[in-house]
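K.L.:
Before I ask anything, here is the structure I am working with.
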Amino acid sequence: MHIVITGATGLIGTELIKSLILRADTNISIYTRNISRAKKTLPFPINYFKWNPDENTIDPTPLKTADVVINLAGENIANKRWNPAQKEKLISSRIKPIELLLKELKKTDKKVQFISASAIGIYGNRGEERITEDSKLGNDFLAEVCKKWEAPLLEEHKNIKSNLLRIGLVITSKGGALTKMLPIFKLGLGGPISSGEQYMSWIHIEDLINKFIYVIDKKPEQTIINAVSPRPVSNYIFSTILGKELKRPAILPAPSFALKIILGEMSQLLLTGQKVIPQFFLDHNFNYKYRSLKDALREELKHAIKGESVFEQYQWIEKKPDDIFPFFSNEYNLEKITPPFLGFKVLGKNTDEIKSGTLIDYSLKLHGIPLKWKTEILEFKPNEYFIDQQLKGPYKKWFHQHKFYPLKNGTLMVDHITYKPPMGFLGRLFAGSYIRKDVTKIFNYRREIIEKEF
């Protein structure tokens with residue numbers, strides 16, 4: 001199956017590709033304005049093609065063999081204040097990509113499934129009314145944006161079958177609305193917005209990605225599909241649960257008049273709501289992993305609650321796991337792939353070969369300060385993965401999973417790190433951003449050296 005994706009470097013696109021790339025029968029192509037930047041964001045064995053919807057330019061090559069086109073392109077609705085120019089950008093950034101894709105697809109005779117993101121904002125402000133895919137649409141600005149977004153795909157197109165996923169609030173710690181709420185709630189300053197009665201129709205990122213995959217695999221005849229959890233909650237309940245999970249009070253309401261002054265018309269994002277039901281997925285017995293908001297938030301906040309941060313990096317190498325794993329299981333090669341500014345040196349280990357239980361000692365300099373680091377290899381499975389944790393070193397916690405997946409005649413390497421700065425809250429407050437920059441710099445260097453090595 002050949003899948004072509006637009007908006008691939010965004011939050012949903014990135015997570016979708018991470019799931020699709022491991023499917024042996026799937027080839028992925030993406031459209032991007034900046035290929036070199038996209039390769040850094042999505043370092044996978046996929047094909048990159050240039051386009052610019054604003055200039056009506058596109059490389060038609062991937063569309064000639066596409067089985068599925070997934071459109072996720074569009075300006076972030078909450079990116080800037082809604083002045084006339086921004087409103088026009090919100091609309092054109094959604095319409096132009098679809099029209100450009102449809103124009104090129106019509107030149108081919110191949111049957112294509114066209115899946116496009118939309119939003120539940122199309123229903124307008126509806127109070128406690130139960131909304132399904134058959135409900136009437138709203139007439140405020142957001143609703144009009146969504147109507148224009150969907151309109152080209154609601155027309156009849158030869159050989160093109162459309163599925164429109166109307167998406168709600170996405171629960172993820174990797175970006176979006178939740179990450180914008182967290183700083184306020186962590187300080188104990190969060191609370192309901194206005195009356196708190198407006199409904200919030202949400203969905204965990206993992207369930208959303210699985211819904212996209214369900215639609216790809218099942219190819220349903222239904223065009224309009226609500227992509228939300230079956231259990232919407234009021235803003236008051238959402239705020240209360242979020243506060244409890246963070247162990248912070250959530251009692252300070254944000255008055256509507258203040259939001260209107262600060263945000264202008266964009267305040268309707270916070271002041272309006274919809275009680276949306278995913279009737280299509282309920283009828284088809286979709287298996288939700290997160291039906292409860294409490295469970296969804298607990299999963300996404302499990303590190304934040306402990307004061308931990310997560311860093312993840314992917315890299316694909318055109319060699320099989322058994323060709324590259326020996327390099328990474330030799331502790332001295334860690335010196336090669338660590339930036340010189342750390343002055344990183346291996347001092348020794350307690351076993352002849354690395355295995356579960358091996359202890360390794362290092363020395364390094366962090367911002368010029370000499371430090372010692374002791375690591376324990378918790379698990380070690382050749383050609384598949386190994387896990388190490390810091391026993392002594394500069395962090396309160398450092399837990400590193402190295403995974404090696406065979407993929408398309410090569411290896412997808414995944415580094416997943418959970419770390420915690422020293423000195424508790426003060427460490428996170430004053431050093432957290434610097435540590436994040438350091439970790440990113442270290443692993444960007446590592447990626448460059450590994451590319452040269454293999």
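The values are calculated or read from the model by the stated rules, or taken from the named source; none is laboratory data. Only a predicted model underlies this, so the values are computations on that prediction, with no experimental measurement involved. Cβ: placed from backbone, ideal geometry, glycine included. Neighbour counts: every protein chain shown. Areas reflect the complete protein model, heavy atoms only, side chains present, ligands, DNA and RNA absent. Shrake-Rupley method; radii C 1.70, N 1.55, O 1.52, S 1.80 Å.
K.L.:
Compute the label zone of L391 within the range 356-385: residues whose backbone N is under 19 Å from the point 7 Å along Cα-to-Cβ.
P.N.:
Once the point is set 7 Å along Cα→Cβ of L391, 356-364, 371-381 turn out to lie under 19 Å by backbone N, inside the range 356-385.
K.L.:
Do the alpha carbons of any pairs in K211/K403; K365/K403; K320/K403 sit beyond 22 Å of each other, and which pairs?
P.N.:
Too far apart for the 22 Å limit: K211/K403; K365/K403.
K.L.:
Using +1 at the Cβ of each Lys and Arg and -1 at the Cβ of each Asp and Glu in the chain, identify which of S234, T223, Y123 lies farthest towards the dipole's positive end.
P.N.:
S234
K.L.:
Roll a 1.4 Å probe over the protein heavy atoms and report the accessible area of T132 in Å², nearest 10.
P.N.:
Accessible surface of T132 is approximately 30 Å².
K.L.:
Can you give the log10 of the normalised intensity I(q)/I(0) at q = 0.15, 0.24 Å⁻¹, computed with Debye over equal Cα scatterers of the range 232-325?
P.N.:
-0.90, -1.20
K.L.:
About the Cα centre, and with charges only on the beta carbon of Lys, Arg (+1) and Asp, Glu (-1), how big is the dipole of the chain? Nearest 20 debye, please.
P.N.:
Once rounded to the nearest 20, the dipole reads 980 debye.
K.L.:
Across all directions of projection, what mean area in square nanometres is found for the Cα convex hull of the range 330-454?
P.N.:
Convex hull of Cα atoms, orientation-averaged projection: 8.1 nm².
K.L.:
While we're looking at this one, here's another question. What translational diffusion coefficient, in µm²/s and rounded to a whole number, does the Stokes-Einstein relation yield for the range 165-247 at 25 °C and a viscosity of 0.890 mPa s, taking the hydrodynamic radius as the Kirkwood radius over Cα pairs?
P.N.:
174
K.L.:
Considering only protein heavy atoms, what per residue accessible area in square angstrom results for the chain with a 1.4 angstrom probe?
P.N.:
With the other protein chains kept in place, the chain gives 48 Å² per residue.
K.L.:
Oh, and also: Dividing the convex hull volume of the alpha carbon atoms of the range 205-262 by its residue count, what do you get in Å³ per residue?
P.N.:
Dividing the Cα hull volume of the range 205-262 by its residues yields 147 Å³.
K.L.:
Right, another one. So for the range 159-308, Kirkwood radius off the Cα pairs, Stokes-Einstein at 20 °C and 1.002 mPa s: how many µm² s⁻¹?
P.N.:
Rounded to a whole number, D works out at 131 µm²/s.
K.L.:
If you take the Cα Rg of the chain and divide it by 2.2 N^0.38 Å, with N the number of residues, what do you get?
P.N.:
For the chain, the normalised Cα radius of gyration comes out at 1.07.
K.L.:
Output needed for the range 1-140: three equivalent-ellipsoid semi-axes, defined as square roots of 5 times the C-alpha gyration tensor eigenvalues, in descending order, whole Å.
P.N.:
28, 18, 16
K.L.:
Something else: Which percent of the accessible area of the chain is formed by carbon and sulfur heavy atoms (probe 1.4 angstrom)?
P.N.:
About 52 percent, which is the carbon plus sulfur part of the accessible surface.
K.L.:
Follow-up. Calculate one ³J(HN,Hα) per residue across the range 442-452 by plugging θ = phi - 60° into the Karplus curve 6.51 cos²θ - 1.76 cosθ + 1.60, and present them in order as whole Hz with x for glycine and proline.
P.N.:
For the range 442-452, the Karplus curve yields 4, 7, 5, 5, 4, 4, 5, 5, 5, 4, 5 Hz.
K.L.:
What is the chain's relative contact order, in percent, from Cα pairs under 8 angstrom and six or more apart in sequence?
P.N.:
Relative contact order for the chain comes out at 12 percent.
K.L.:
Another question about this same structure. With angles folded into 0 to 90 degrees, how steeply does helix 84-105 sit against the dominant principal axis of the chain? Use alpha carbons for both and round to 10.
P.N.:
Value to nearest ten degrees: 90.
K.L.:
Please tell me which of these pairs span more than 29 angstrom C-alpha to C-alpha: K349/K420; K50/K148; K186/K275; K18/K397; K40/K106; K96/K158?
P.N.:
K40/K106
K.L.:
Filter the chymotrypsin sites (Phe, Trp or Tyr not before Pro) in the range 331-382 to those in DSSP coil with at most 10 other Cβ atoms within 10 Å of their Cβ, and list the result.
P.N.:
Hits after loop and neighbour filter: Y332.
K.L.:
If N is the number of residues in the range 121-219, what value comes out of its Cα radius of gyration divided by 2.2 N^0.38 Å?
P.N.:
My calculation over the Cα atoms of the range 121-219 gives 1.32.
K.L.:
Separate question: Rounded if a/c is under 1.5, else prolate if a/b is larger than b/c, else oblate: which is the range 69-195, with a ≥ b ≥ c the root eigenvalues of its Cα gyration tensor?
P.N.:
It comes out prolate by the Cα gyration axes.
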